[in-house]
Amino acid sequence: MPKIEKRKFRAETQKVLNILTHSLYTNREIFLRELLSNAADALEKLRFTQSGGGEVREAGLPLEIRVSFDKIAGVLQISDTGMGMSESELVDNLGTIARSGSERFLADIRAEAAGGEDAAPGKEAGTEEAGTEEAAGEADPGRAAAEAGPEQEGDAGEGASGGIGGQIIGHFGIGFYSVFMVADSVEVVSLPARGDAGPCLWTSDGVSGFSVRRLEGEEAAGYRRGTTVRAKIKKDASEFLEKYHLESVIRKHSNFLPFPIFLEDERLNSTPALWREPRSGVSREQYDEFYKYLTYDEKPPLDVLHISVDAPVQFNALVFIPDSEQDYFAMQQERWGLDLYARRVLIERANKDLVPNYLSFLKGVVDTEDLPLNISRESLQENLVLRKISRTLVKHVFNHLEKMAETESGRYESFWKLHGKYFKFAFNDYVNKDRAAALMRFSSSAAEGGCIGLDCYIGRAKPGQKEIWHVSASTPEAARVNPHLERFLRKGVEVLYLLEPVDEFALEGLGKYKDFSFKSVEHADGAALDAFPDVEGAAPAPVALSEEEKAVSDSLLARMRTILGDKVKEIRVSDRLAGSPAVLVSPEGFSSSMEKLVRAMQKTDEAPAKILEVNPEHPVLRAMARICAKDPDSALLADLTLNLFDNVRLLDGSLDDPQLMADRGLRLLDRALSWYTDLSGI
């Protein structure tokens, strides 16, 4: 047996290795992701070498990864049929933390492509190790910043992934050592694909150093090309010797690696990474199947975006618009975002930096070649690349929705009914709010049962109209009975119905659309509508008060001020009412719905005193004026005044004492029935 030489880790200490394996990684299952990614890199290097005409040992071996475990011996084993490593490469690559064989492999390829000027003497491309790469290590940090210019979109597929550089996962050479989080000791047996050297064994406990020796005779028998990692699992990590747990971790992190992964002879990763496939080669059935696999949604998606971008940052994405309503305001408020991958390896589920919150309904995956990560890959080193990806994704989504709205109005209406309440929050996106405004839809007084866009509203506006009028309500039915709407209906001026709490905030945030300003009907000046003629068939205006009736009406208003006291800020004759007896108006310029939202945010139930506007020409006010003229101190007049006030508060949404209103209502009902029965002789 050859002499075993004990070696120390180069340029690293026990303390450094301890930090790597116990501080940088907070989730121990990451080690399996790292080892599988290393194996995938080794296979990718071999495939690249073969495609270039290079000869390799056992050329007919299938390119695959096999995972097995021995619970009795406490050993977990990961094997690949990739490039493998020679004795010197084991020493160089597994004896020096942060030395990446993949990085050297890519450097050699680049040097060869450039004429070999930078190639290391005697180094042949394709002979680096395959055991220490990161699962999604850092590409050249300066690359993304240096790449500028217009976005380029091509057909999604491997051709857009940067050749061999786009397929090699690890660049840092740190991930291998994460195995010591769960292992007391590790053995690595490797048989290189190039040359005649036999297999070599590397062993280490991750603390005192490592040893390397050649295997000969019977020890060497049975090893095939590639690398086998055997980890002696710690007692407190025994879950990694359970098949169900290994299967769960592999499917979670490494399900889309481009080579078969077998666990105890059962293949796990049979779902293809569709985002890497050309769009022309993917059927709608495949998209639907992948969506259901990704989301567990029984319904197929409403639509899908298959995106491949080369600049300003390189990534592929598969983004779905669900055909089911989401609830991100309540139970699902933290369950949104796209899954982030780096070269097919999962980095983070539901990454919220990839899309803004107003696109929280989107589901899907983003796989980038240019993601800079810290060496643990559990938190992003910086967000510059993600911000570029996010901007590009948002641009694609807007393009897609604009096209859908223009050419598939029915499908777009379905989208809006499902997800419009989230999309309206785009009013906060300063860059895209104008595009978002054009895509927003609202119910309106002229669109019974449907919804319209702002461009449609403008197209139907009256000549000379420069306002987009709106009213807030819980339902279209509630909006139609709002007293503030009466003159608009009489003049045929369309009014948007704001049925969601976000709607008014959205219009306030947008400020204006094209040359039109947004304005609540509650702030309308009645005289401003007089320029528009009444629509055909509108109810005739009520008979004006005579001079005598005006004097009686003035007395009524004075008495009502006494009865209501500080419940109202002021009582005045309205110029906005046509068919209602009274309405409340905010003196602060807030609409009633906005005022309620402000009160809710301030956690106060106390409603401020408002202005009560009355319509003296209405039959109710005429009758109350006659009662006032006969008996100003009548208890009936007080009840009628308070009941009228309660009714307008109810319509305004500010009624806080319904019990008193009900009691007064019953008294008035009793009196009315008594009069009726007396007069009719019943």
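One table, with the values for the structure above:
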read-out: Over 20 Å (Cα to Cα) - which of 403/433; 424/512; 363/424; 421/466; 71/235; 292/403 fall in this group; value: 421/466; 292/403
read-out: Footprinting exposure proxy for 234, 6 (fewest neighbouring C-beta atoms within 10 Å first); value: 6, 234
read-out: Zone residues, the range 227-269, relative to residue 286, backbone N less than 13 Å from point 7 Å out along Cα-to-Cβ; value: none
read-out: Potential extension, residue 72-residue 515 segment - 0.36 nm per residue separation minus Cα distance; value: 151.8 nm
read-out: Environment charge at residue 668 (Cβ cut-off 12 Å; Lys +1, Arg +1, Asp -1, Glu -1); value: -1
read-out: Summed side-chain charge close to residue 58 - residues other than residue 58 whose Cβ falls under 9 Å, Lys, Arg +1, Asp, Glu -1; value: +3
read-out: Stokes-Einstein translational diffusion, the range 274-407 - Kirkwood Rh over all Cα pairs, 0.692 mPa s, 37 °C, in µm²/s; value: 214 µm²/s
read-out: Diffusion coefficient, µm² s⁻¹, Stokes-Einstein with Kirkwood Rh over alpha-carbon pairs of the range 417-529 at 37 °C and 0.692 mPa s; value: 231 µm²/s
read-out: Charge context of residue 568, other residues only, Cβ under 11 angstrom, K/R +1, D/E -1; value: +3
read-out: Ranking of 83, 181, 440 by count of other Cβ atoms within 10 Å, fewest first; value: 181, 440, 83
read-out: Cα gyration tensor shape for the range 467-594, rounded if a/c is under 1.5, else prolate or oblate; value: oblate
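FYI, it's all coordinate maths here, none of it is from the lab. None of the values given here were measured: they were computed from a predicted structure. Counting neighbours? That spans all protein chains shown, and the Cβs are built from the backbone with ideal geometry, glycine included.
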